[in-house]
Structures are given as C-alpha cells and as structure tokens.
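> Provided herewith is a single structure, encoded as structure tokens, for subsequent inquiry.
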Amino acid sequence: MRHLHTRTTRRRAVGALAAGLLCAAGLGAPSAAAPASAAPVAPAVDDGLALTPPMGFNNWNSTHCRAEFNESMVKGIADIFVAKGLKDAGYQYVNLDDCWALPSRDANGKLVPDPVRFPGGIKAVADYVHAKGLKLGIYTSAGTKTCNTAGFPGSLGHEYSDARQFADWGVDYLKYDNCNNQGADARLRYTTMRDALKATGRPIVYSICEWGENKPWEWAADVGHLWRTTGDISDNWGSMLSILKRNLPLAPYAGPGRWNDPDMLEVGNGGMTQTEYRSHFSMWAIMAAPLLIGSDLRSASEETFEILGNREVIAVDQDPLGKQGAVISSEGGRWVVAKEMRDGSRAVALFNESGTAQRIATTADAVGLADADAYTLRDLWQHRGYHTAGTISATVPAHGTVLLRVSADPRWAHHPPAVELGLDGDSLVEAGGTVAWTSTVTDLGRTAARRVSVALTGPAGWTVKATSPTASPTLPPGRSLRTTWTVTAPQGTPTGPYDLTLRTSYRSPSGVRVDNALPLTATVVTPPPAGTSGLGDLAWLSAGNGWGPAERNTSNGESEAGDGNPITIGGVGYGTGLGVHAESAVEYYAGGACETVTADVGVDDETGANGTVAFEIWADGTRAAATGVLTNAMPAHPLTADVTGARVVRLVVTDGGDGIDSDHADWAAARMSC
C-alpha cells in the first residue's frame, strides 16, 4: 500500500476485444522487456500452499480507509463470491486491508479490531467467511506502523504475538506491507514473520509487500508465497502499463508456491475502458499473477463480472504447470507474450500498447509449439475455436488484447479456417473531411473460406462508401479480399473519438457460417491554431499517465484531476505547462501544420531528493528530441524538437530506468508553433 508518489496522505505506491483474428480469437516506443536470465536463488516454501496464484478480493482499491470498509462489506463480498459464481471460478480469499484495527494495542500488547468497523471481531468475520467455503486474509506492516497516516500498529517487534493472534482468529492469508520499517533489513523483517507464521502451525499464505525495492524475486522464494514486484497500481492505463512492463521480465522467478505479484486488479473501478480492463485481466492471467479483485462487487456491473468470471482466462492464470508468460516480441508497442501450459498448448497474448489499432503477428514455432500440419486456436474472449496453418495474428484494437490458446491438433480440420481482419488508413479526420481506408480479409487456415463478405459501418450521419468489391465466392488459404473505403465525418461534428465496425461473414468448407467484427475508432480533430500555443491550453488526443491524470499548467498532483501544485523545477516556478508522472505519453494533433515544440523539462521540486525521468518528443513515428536521465537535483533542461510535417506530436516521459517512484515530471512552459 504505497504509491509511487511523494505528496500523499498515505504512502501508497503507485470494448469488446473482438479482433481481426476471427479464428481465435497490435503508441509508444516501449523498451522491449527482455526475459530475465537469472534463476531463482532459493526453492519455494515447501508447504503445499499457493501452488497456483492466489485468487480473491482486497478492499483497498475501492474503499481505502473509508467507513464503508467494515464487517458488513466483508460479509457481503463473501456472499457475492458464492451468488455470482466467483467461488466456483476459483476465487477464495476475502482479504482485509489497512484500517481494520484500533490505533493502539491493548495493555497486553495485542492488536485490537476496530469495534465500530468490526463489532463481532475478526474471528466472527473469519467464521462467516469459512462457512461459505472461503478463506479470510488480513493486513499489517513489517514496520512499527502501517501505511495509513492514522498510524495503526505494525508488527515489527511483535511478529510472534501478532502471528498467533492471526492464527487464533482463523486467518488464512497475510499481506505484509513495508511502511515505517525503521530502516531494518528487509530480508530479516520478512523472514522473522515467516518463522512466526510457521510457529503457529496454521497454514497461512504469506504475501510480501515490500514494493520490489529489495528485489524479493531473488531471495524470497523460501520466505513467502508471493511478493510485490512494483509499487501500488492506480486505476488508469498509464499505471497499469508501467507495472506490466516491470513485471514481465521476471518470468523465470515464478512457479508453484512463488509468484510475482504486480498488485491487485483495478477491473471495474471506472478509470479504464472495458477494452483496457480486458487487457489488464488478460495480461495478469498470462503472467500467472495473483488475481485479487479490487472493485466493490456490491455495485459492480455485469461487464465487470463477465471479465472477472471468464473461466477460460482464469484457466491460463491457474494452470498447474505454474509458468509465467515470457515476452516473445514488443516492437512498436506490439507485444506478443506466450505461456507454456501443462497440456503442451501455449497461451498467447497479442497486446496492443498503442492508441491505434495495430496488426500483431507471431507463429506457432515462435511461441514454442512443435511443427504440425495445422494448429487449433481458441479465442478466450470470443469462446470460439478455429485453425491456422501456423500464423497467429490479429489486428488488435487500441489498448486491446487478443488472448488465445494454441495447440498442435490432428483434429484441426473440424474447425473453420482462421480469418484475419485488417485495416490500413488514417484514423484522424477533420469535421467535413474524408479519409481513405483499405480493409483486408485474409484466410490463415489450410482450407478455403467460402462466400466471404465484408462491411464497414460508422456513426449515424457519417458517410461510408466501398469503392471496390466487398465479397468473394471463395478465399483460398493465404489469400486476401481487399476493399477500399471512403469515410466522411459530417461538417460540424464535435471533436472526439467515434466508433466504427468492420465486419466479415464467411462459411467453412462444411457450410458453417462464421461472423465476426473488428471494432475501430476514428477521431474527429481540429487543426491547431496558427502561431504559438501553450500545450497546457490545447486539447490533446490522448494522455496516458503513471499516477492519476496528467495536469494542465500544474504539477502532477494526486489521483484526482485539478489537484496539482504550481510547477517548480530547481526553485524556478512556471505558470504554464504539463504535469505528468512516468510512464507518460501525451499526444496532440498537429495536422502537418506545425514546426517546433519547446519546453523546459525536469523533475518537479515537490519530490524532494527523489525522482529520475527522461523526456522524449516524437513526430509521428520518429523521435525528434530527447534528454538523458534527469534528477531532482538538476535545473530545468531546455528541450526543442523540429516537428515539421508531423500529423501527431507525442510527449513521452520514461522512468529513467529505475522504476517510477516519485517520478513527477514537468513540461514547463511547453509550447507548439504552427
């Protein structure tokens, strides 16, 4: 419970995915997450616990320390686990986070449950949860106090007494945080609690939450069952993406009884789109991450339950072989991650980091499958099976993920051929303007697709016209149906994103009809004003941020919009600019009419002595300017980029190579001349 941020009241770290790969089912310039080469230095705890990643619930992301976190809520979550089928899907831990105790121990040095929040005490809650066939988890810190500023008692120096209390209450899971640790050695603190839990004789899953600061993946396999690899997650795309990139390279350290933990799920909390939440859930599953629901299920939507309850995706996470997915490729934000499964198949995630639809492709050979005549593909979100000659590819919506299960299968011919939908063209259109698109329908299988047709539909009032054939009586393996389109946004259309859909229909050799769709987005844009404009005052196309929203003309602030401070770098204040937090990317439409972008960049003074970042300015797909790593000790660095002719200008902040702790970055006095 700590975010990668210094100004906070609590030290807390930070659509449908129907894709172009109809059978089974691709902005940034990310650095490839190369697989770690070192092996774990210690065997897993040999106690039979957490042989697959723990699944359950934790209240913190949705309630924090608010009064609604209480006995009634916890019991209600347990009831919902049963009623909504989450228990049957594998979720079992109902975990309490911070603020369950009184601020002081009793006269005997014992922890005291808050009698207002938990009038029946923790044991009564545990008994209720156990009666549902579920398990109870609890929280404390490996320090003198927990992470909340109210200062609830931590367990440093009280490990054996507290572990005994937890066991006597019937606790099954301990999350052990890292706040107020007095500088004591992390390994010693966490090992002491391990020994204390073991001494109770009760089986308790042990979650080490020291935020990855001491690289627990290198030493904690025989200490705990899971360990946090990053600071806390925030309910936004930039935070989720940053944590994902830090956790992916740690695949060699994971296995039964020892799991990399990239923090709890934000699915359903409202800060991301349904497409982004599906990506979040898909990538946590392929990383064999603990699946701890962080939304208040009492008010969750059916879409949230659909994501959290997808048993085919859960099966990827819970595969008993215990492999974490490894990165196969990541060029241009087009990620391919593959996970070996116990039955010999591979789970394959095609993950699109970028803000536009992209084609992402790999092969059966690249993901580790043996040579075969053809392969069966199962789309785990569409719940459909197809076959391919060996290509695994899809045009993946912006921020989307196609999650597949791929196997060499002698019965491949029983499945229709894989057909990939693709689209080329500019997704940015000015009101009253027209763009040209070209769609492709490609047969990836060993058999021909028959009676193939394609259609493109847009918003009401838009004009969408095909200017070449939209159907073919047959589509042989490896061949494509290409159709050109014109798309016109009506004059006066407000700026913003608009949904379009590319659909195809075809029949397998046996006559089975297959229908599928690729969701697309066109964005109506306004030409930039002539002259020089402050970027803090211009509308942006998109803004991804590592903690909370990007801020206009203030520093990054906290989790809400408009809560930043004045921008200050090296003691110099600025009245305009952008305040962001690494990893961050803010995009502007330049329309080919702009020449330069200038800014004074650096780490905001509010981070104290912490924070390391690097700044980049991109003109379409070309990096036009960059800094080296900047620290809080440095004055503002002037940065100028030539963006002549670019349609899109992108301002990127990376973490300087050491994680995003305290990485408040300022684009002070940022201006674009057009």
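> Can you tell me which residue in the range 345-357 is surrounded by the fewest Cβ atoms within 10 Å (Cβ to Cβ), limited to those that are part of a loop (DSSP other than H, G, I, E, B) and in contact with a Ser or Thr (Cβ under 7 Å, 6 or more places away or on another chain)?
So the first thing to find is which residues in the range 345-357 are part of a loop (DSSP other than H, G, I, E, B), and the list is 345, 353-357.
Restricting the remaining residues to those that are in contact with a Ser or Thr (Cβ under 7 Å, 6 or more places away or on another chain) gives 345, 355-357.
Numbers: S345: 22, G355: 23, T356: 19, A357: 28.
For the range 345-357, the residue satisfying everything is T356.
> If I go through the range 384-407 residue by residue, how many of them are under 21 Å from V441 (Cα atoms) and within 22 Å of the chain's Cα centre (by Cα)?
Selection size over the range 384-407: 11.
> Going through P490, P497 one at a time, which residue ends up being surrounded by fewer than 16 Cβ atoms within 10 Å (Cβ to Cβ), modelled with pLDDT under 95, outside the structural domain of V649 (by TED's automatic domain parsing) and on the phi < 0 side of the Ramachandran plot?
Values: P490 fails: modelled with pLDDT under 95.
Of P490, P497, the one residue that is surrounded by fewer than 16 Cβ atoms within 10 Å (Cβ to Cβ), modelled with pLDDT under 95, outside the structural domain of V649 (by TED's automatic domain parsing) and on the phi < 0 side of the Ramachandran plot is P497.
> Identify all residues within the range 153-168 that are more than 22 Å from A50 (Cβ to Cβ), buried (at least 20 other Cβ atoms within 10 Å of the Cβ) and either of a type in the set (G, A, S) or not assigned by TED's automatic domain parsing to the domain that holds V112 (or both); write none if there are none.
G154
> Sticking with this one: Scanning the range 606-626 for residues that are charged (D, E, K, R) and assigned to a strand (DSSP E or B), which turns out nearest to N556 (Cα to Cα)?
Of all residues in the range 606-626, those charged (D, E, K, R) come to 606, 616, 620, 623.
Remaining after also requiring assigned to a strand (DSSP E or B): 616, 623.
Values: E616: 18, R623: 24 Å.
If we take residues in the range 606-626 being charged (D, E, K, R) and assigned to a strand (DSSP E or B), then E616 is nearest to N556 (Cα to Cα).
> Shifting gears a bit: Among the residues of the range 432-475, write down those that are within 34 Å of the chain's Cα centre (by Cα), surrounded by fewer than 17 Cβ atoms within 10 Å (Cβ to Cβ), of a type in the set (G, A, S) and part of a loop (DSSP other than H, G, I, E, B).
Once the filter is applied, which keeps residues that are within 34 Å of the chain's Cα centre (by Cα), surrounded by fewer than 17 Cβ atoms within 10 Å (Cβ to Cβ), of a type in the set (G, A, S) and part of a loop (DSSP other than H, G, I, E, B), the range 432-475 yields only A460.
> I need a count of the residues in the range 259-286 that are touching a Lys or Arg at 6+ places or on another chain (Cβ under 8 Å) and not β-branched (V, I, T). Reasoning before the result, please.
Filtering the range 259-286 down to residues touching a Lys or Arg at 6+ places or on another chain (Cβ under 8 Å) leaves 261-263, 286.
Narrowing the set further to residues that are not β-branched (V, I, T) leaves 261-263.
Adding up the residues that qualify gives 3.
> Restricted to the range 325-339, and to residues that are surrounded by fewer than 24 Cβ atoms within 10 Å (Cβ to Cβ) and out of contact with any Gly (no Cβ under 7 Å at 6 or more places or on another chain), which residue is modelled with the lowest pLDDT?
G332
> With the checklist (1) under 15 Å from A669 (Cβ atoms); (2) out of contact with any helix residue (DSSP H, G or I) (no Cβ under 8 Å at 6 or more places or on another chain) in hand, flag the one item S555 doesn't pass.
Condition (2) is where S555 drops out.
> Another one. Which number in (1) among the basic types (K, R); (2) under 25 Å from Y93 (Cβ atoms); (3) within 16 Å of the chain's Cα centre (by Cα) marks the one condition that K323 misses?
All conditions are met except number (3).
Every residue, every condition in (1) in contact with a strand residue (DSSP E or B) (Cβ under 9 Å, 6 or more places away or on another chain); (2) at pLDDT below 95; (3) of a type outside the set (A, V, I, L, M, F, W, C), yes or no:
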{"position": "A196", "(1), (2), (3)": "no, no, no"}
{"position": "I204", "(1), (2), (3)": "yes, no, no"}
{"position": "E210", "(1), (2), (3)": "yes, no, yes"}
{"position": "E218", "(1), (2), (3)": "no, no, yes"}
{"position": "T229", "(1), (2), (3)": "yes, no, yes"}
{"position": "P249", "(1), (2), (3)": "yes, no, yes"}
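> Another question, then. If you go through the range 626-668, how many residues are modelled with pLDDT of 95 or more, surrounded by 20 or more Cβ atoms within 10 Å (Cβ to Cβ) and small (G, A, S)?
Residues flagged as modelled with pLDDT of 95 or more, surrounded by 20 or more Cβ atoms within 10 Å (Cβ to Cβ) and small (G, A, S) within the range 626-668 amount to 5.
> Still on this structure, please answer the following. If the requirement is being part of a helix (DSSP H, G or I) and either charged (D, E, K, R) or touching a Leu at 6+ places or on another chain (Cβ under 6 Å) (or both), which of these qualifies: R278, R342?
Values: R342 fails: part of a helix (DSSP H, G or I).
Answer to the check: R278.
> Which residues, counting only those in the range 131-152, are surrounded by fewer than 18 Cβ atoms within 10 Å (Cβ to Cβ), modelled with pLDDT of 95 or more and closer than 29 Å to T191 by Cβ?
Result: T144, single match.
> Same structure again: I'd like to check something: does the range 627-649 contain any residue that is touching a strand residue (DSSP E or B) at 6+ places or on another chain (Cβ under 6 Å), in the same structural domain as G557 (by TED's automatic domain parsing), part of a strand (DSSP E or B) and on the phi > 0 side of the Ramachandran plot?
Checked against the condition, which is being touching a strand residue (DSSP E or B) at 6+ places or on another chain (Cβ under 6 Å), in the same structural domain as G557 (by TED's automatic domain parsing), part of a strand (DSSP E or B) and on the phi > 0 side of the Ramachandran plot, the range 627-649 yields no hits at all.
> Looking at A374 and the list (1) touching a helix residue (DSSP H, G or I) at 6+ places or on another chain (Cβ under 7 Å); (2) under 30 Å from L308 (Cα atoms), which single condition is not satisfied?
(2)
> V429: in contact with a strand residue (DSSP E or B) (Cβ under 9 Å, 6 or more places away or on another chain) and either surrounded by 19 or more Cβ atoms within 10 Å (Cβ to Cβ) or charged (D, E, K, R) (or both), yes or no? Write out each step before concluding.
Details: in contact with a strand residue (DSSP E or B) (Cβ under 9 Å, 6 or more places away or on another chain): yes; either surrounded by 19 or more Cβ atoms within 10 Å (Cβ to Cβ) or charged (D, E, K, R) (or both): yes.
So V429 fits the description; yes.
> Continuing with the same structure: Restricting to the range 585-605, name every residue that is assigned to a strand (DSSP E or B) and farther than 17 Å from M672 by Cβ.
Pass one, the range 585-605, residues assigned to a strand (DSSP E or B): 585-589, 596-603.
Listed by number, the residues that qualify are G602, V603.
> Taking the condition surrounded by fewer than 22 Cβ atoms within 10 Å (Cβ to Cβ), charged (D, E, K, R), more than 17 Å from S282 (Cα to Cα) and modelled with pLDDT of 95 or more, does R342 pass? Explain how you work it out, then say what you get.
Numbers: surrounded by fewer than 22 Cβ atoms within 10 Å (Cβ to Cβ): yes; charged (D, E, K, R): yes; more than 17 Å from S282 (Cα to Cα): yes; modelled with pLDDT of 95 or more: yes.
Here the answer is yes, as R342 does meet what is asked.
> Kindly indicate whether any position in the range 577-585 is in the same structural domain as N545 (by TED's automatic domain parsing), out of contact with any strand residue (DSSP E or B) (no Cβ under 6 Å at 6 or more places or on another chain) and farther than 22 Å from D658 by Cα.
Taking every residue of the range 577-585 in turn, none turns out to be in the same structural domain as N545 (by TED's automatic domain parsing), out of contact with any strand residue (DSSP E or B) (no Cβ under 6 Å at 6 or more places or on another chain) and farther than 22 Å from D658 by Cα.
> Moving to a separate point now. Looking at the structure I just gave you, is V313 assigned by TED's automatic domain parsing to the domain that holds H225, in contact with a helix residue (DSSP H, G or I) (Cβ under 9 Å, 6 or more places away or on another chain) and either at pLDDT 95 or above or assigned to a helix (DSSP H, G or I) (or both)? Write out each step before concluding.
Working: assigned by TED's automatic domain parsing to the domain that holds H225: yes; in contact with a helix residue (DSSP H, G or I) (Cβ under 9 Å, 6 or more places away or on another chain): yes; either at pLDDT 95 or above or assigned to a helix (DSSP H, G or I) (or both): yes.
So V313 fits the description; yes.
> Tell me which residues, restricted to the range 197-235, are of a type in the set (F, W, Y), crowded, with 24+ Cβ neighbours inside 10 Å and assigned to a loop (DSSP other than H, G, I, E, B).
Passing the criteria: only W211.
> Starting from residues that are polar (S, T, N, Q) and under 17 Å from N61 (Cβ atoms), keep the ones in the range 280-309 and report whichever is surrounded by the most Cβ atoms within 10 Å (Cβ to Cβ).
Step one: of the range 280-309, the residues polar (S, T, N, Q) are 282, 295, 299, 301, 304.
Filter once more, so that each one left must be under 17 Å from N61 (Cβ atoms): 295, 299, 301, 304.
On the way: S295: 23, S299: 9, S301: 12, T304: 20.
If we take residues in the range 280-309 being polar (S, T, N, Q) and under 17 Å from N61 (Cβ atoms), then S295 is surrounded by the most Cβ atoms within 10 Å (Cβ to Cβ).
> Is there any pair with a first residue in the range 240-254 that is of a type in the set (A, V, I, L, M) and a second that is assigned to a helix (DSSP H, G or I) whose Cβ atoms are under 6 Å apart and which are 6 or more apart or on different chains, and what are they?
M240/H280; L244/M283; L250/W217
> Looking only at the range 281-307, count every residue that is within 20 Å of G76 (Cβ to Cβ), touching a Leu at 6+ places or on another chain (Cβ under 7 Å) and among the hydrophobic types (A, V, I, L, M, F, W, C) and tell me the total.
So the answer is 3.
The values are calculated or read from the model by the stated rules, or taken from the named source; none is laboratory data. It should be emphasised that the depicted structure is a prediction, and the values quoted were computed from it without experimental measurement. Every residue, glycine among them, receives a Cβ derived from its backbone with ideal geometry; neighbour counts consider all protein chains shown.
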